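Read through the structure below, which is laid out as structure tokens, and then see the notes.
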Amino acid sequence: MNAMTPTTSMMIPDHDPGHIPVMREEVLAALAPHNGEVYVDGTFGGGGYACAVLAAASCHVWGIDRDPDAIARGEALSTLLGVAPDGAPRLRMLHGGFGAMGDMLRDADVASVDGVMLDLGVSSFQIDEAERGFSFRADGPLDMRMGKAGRSAADIVNTAPESELADIFHHYGEERHARRVARAVVEARTSASLTTTLQLATVIRSVVRADRSGIDPATRSFQGLRIAVNDELGEIERGLTQALDLLAPGGRLVVVAFHSLEDRIVKRVMAAAAGQESGMSRHDPRSMLRGNVKPQFRLAFRKPMQPSDEECRRNPRARSAKLRALLRLSSDDTNTSSHTEHRTNVGVRSVASSDKGTT
């Protein structure tokens with residue numbers, strides 16, 4: 001069935017998602033919505049991707065988000081969208097992390113879906129709301145919890161040993177001066193607890209100089225702390241695994257990542273699913289066995305897509321984005337070449353597949 005051209009009855013009610021999602025048209029083209037299909041927006045945020053999908057075809061979308069504010073936005077939008085001809089809401093919301101999407105959907109009696117889209121990292125809503133404590137550009141409580149529950153950034157900063165802080169800043173933030181930053185934080189908290197974003201940023205800036213890139217010295221350490229607070233890399237691993245299990249034959253997984261740590265995981269998981277792991281070795285018998293197993297997936301395109309120059313001018317936050325997509329093969333497809341590249345009619349550039357990426 002071909003994707004349906006939106007009609008007046010299918011158009012989305014006036015809805016301002018607050019922020020236009022990065023590479024929206026490219027995500028839509030890679031997902032290729034079809035009538036009657038079921039999709040998952042695992043990082044709902046403001047609903048930008050979900051709205052684009054619902055406007056492109058007569059289909060259903062399950063929105064997932066761990067942020068209760070995003071769930072409230074989605075439920076309000078669901079009311080506006082109404083129900084499909086089969087009587088079910090066009091948009092339904094599930095509160096939780098996308099790493100548990102399989103369990104949540106099974107609890108909702110959904111065994112498989114036709115597409116999953118993920119927009120990794122922190123949302124623009126969270127960055128722009130100072131009270132959420134994600135950004136050092138406006139003072140706010142040192143929180144950073146996407147789900148508003150669990151250990152906060154302040155809890156980690158004020159209680160974690162220096163060695164743990166250094167590991168967080170180094171491994172998750174890719175901060176070259178991680179030990180120096182950790183030492184300064186521990187020293188600063190002996191006088192008074194660090195409870196605001198400005199306090200922490202001031203401490204970091206006192207020991208890390210701005211580099212030629214113009215990136216604020218606090219950027220990498222804040223990134224590392226945010227990833228640790230929300231277990232973002234673990235969530236990505238779990239979410240990708242569950243997405244692969246959920247996809248029906250012909251289903252599509254589309255992921256937008258924004259820095260090297262995220263993209264490295266996505267690249268590895270997708271390559272493994274498509275049977276494009278490292279070559280066979282006579283020293284590892286398991287690799288010989290893998291070579292005889294036909295993959296159930298193929299890469300939609302070999303190199304990740306990146307946003308156009310025009311989009312980067314409109315939205316500087318898009319500059320580091322990389323889009324990767326994976327297709328689940330049907331039984332007929334597995335009997336043919338599994339490495340045929342799927343082409344989309346999207347006028348974007350590709351970047352080299354590399355474990356190095358901008359952050």
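The values are calculated or read from the model by the stated rules, or taken from the named source; none is laboratory data. Nothing here was measured: the structure is a model prediction, and the numbers come from that model. Here Cβ is always computed from backbone atoms with ideal geometry, including for glycine, and neighbour counts include all displayed protein chains. For the accessible areas, the whole protein counts, side chains as well, though only heavy atoms, and no ligand, DNA or RNA atoms are used. Shrake-Rupley method; radii C 1.70, N 1.55, O 1.52, S 1.80 Å.
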* List pairs: first in the stretch 176-202 and on the phi < 0 side of the Ramachandran plot and charged (D, E, K, R), second at pLDDT below 95 and not in a loop (DSSP other than H, G, I, E, B), Cβ under 7 Å, 6+ apart or cross-chain? -> none
* Somewhere in the stretch 258-269, is a residue of a type in the set (Phe, Trp, Tyr) and open to solvent by 20 Å² or more (accessible area, probe 1.4 Å)? -> yes
* To do: For the stretch 217-253, name all the residues that are open to solvent by 10 Å² or more (accessible area, probe 1.4 Å) and of a type in the set (Gly, Ala, Ser).
  => Ala228, Gly234, Ala248, Gly250
* Tally the residues that are of a type in the set (A, V, I, L, M, F, W, C), more than 21 Å from Asp216 (Cβ to Cβ), within 29 Å of the chain's Cα centre (by Cα) and part of a helix (DSSP H, G or I), restricting the search to the stretch 159-193. => 0
* **Long-range neighbours under 6 Å by Cβ, at least six apart or interchain, first residue under 7 Å from Leu327 (Cα atoms) and in contact (Cβ under 8 Å) with a residue 24 or more places away in the chain within the stretch 292-305, second surrounded by 15 or more Cβ atoms within 10 Å (Cβ to Cβ) and polar (S, T, N, Q)** => Arg298/Ser338
* Asked: When residues of the stretch 194-227 are filtered for being of a type in the set (A, V, I, L, M, F, W, C), assigned to a helix (DSSP H, G or I) and more than 25 Å from the chain's Cα centre (by Cα), how many remain?
  -> 5
* **Scan of the stretch 84-102 for residues that are at negative phi and loosely packed, with under 12 Cβ neighbours inside 10 Å, ordered by number** => Pro85, Asp86, Ala88
* Asked: Is it the case that the stretch 174-192 has a residue that's under 30 Å from Leu253 (Cα atoms) and surrounded by fewer than 19 Cβ atoms within 10 Å (Cβ to Cβ)?
  -> yes
* Quickly run through the stretch 127-145 and pick out the residues that are open to solvent by 50 Å² or more (accessible area, probe 1.4 Å), modelled with pLDDT of 75 or more and under 20 Å from the mean Cα position of the chain (by Cα). => Arg145
* Tell me, yes or no, whether the stretch 146-160 has at least one residue that is modelled with pLDDT under 95 and farther than 25 Å from Gly99 by Cα. => no
* To do: Sort out which residues of the stretch 256-271 are over 11 Å from Pro304 (Cβ atoms) and either touching a strand residue (DSSP E or B) at 6+ places or on another chain (Cβ under 9 Å) or touching a residue at least 40 places away in the same chain (Cβ under 8 Å) (or both), and write them in order of number.
  => Phe258, His259, Ser260, Leu261, Glu262, Arg264, Ile265, Val269, Ala271
* To do: Quick one: Gly279 ticks every box in (1) modelled with pLDDT under 95; (2) part of a helix (DSSP H, G or I); (3) open to solvent by 20 Å² or more (accessible area, probe 1.4 Å) except a single one, so which number is it?
  => (2)
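Somewhere in the stretch 177-199, is a residue under 29 Å from Val269 (Cβ atoms) and among the polar types (S, T, N, Q)?
no
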* Asked: Which of (1) at pLDDT below 50; (2) surrounded by 11 or more Cβ atoms within 10 Å (Cβ to Cβ) does Ala274 not meet, given it meets every other one?
  -> (1)
* Asked: Any residue at all in the stretch 25-33 that is modelled with pLDDT of 95 or more and touching a Gly at 6+ places or on another chain (Cβ under 7 Å)?
  -> yes
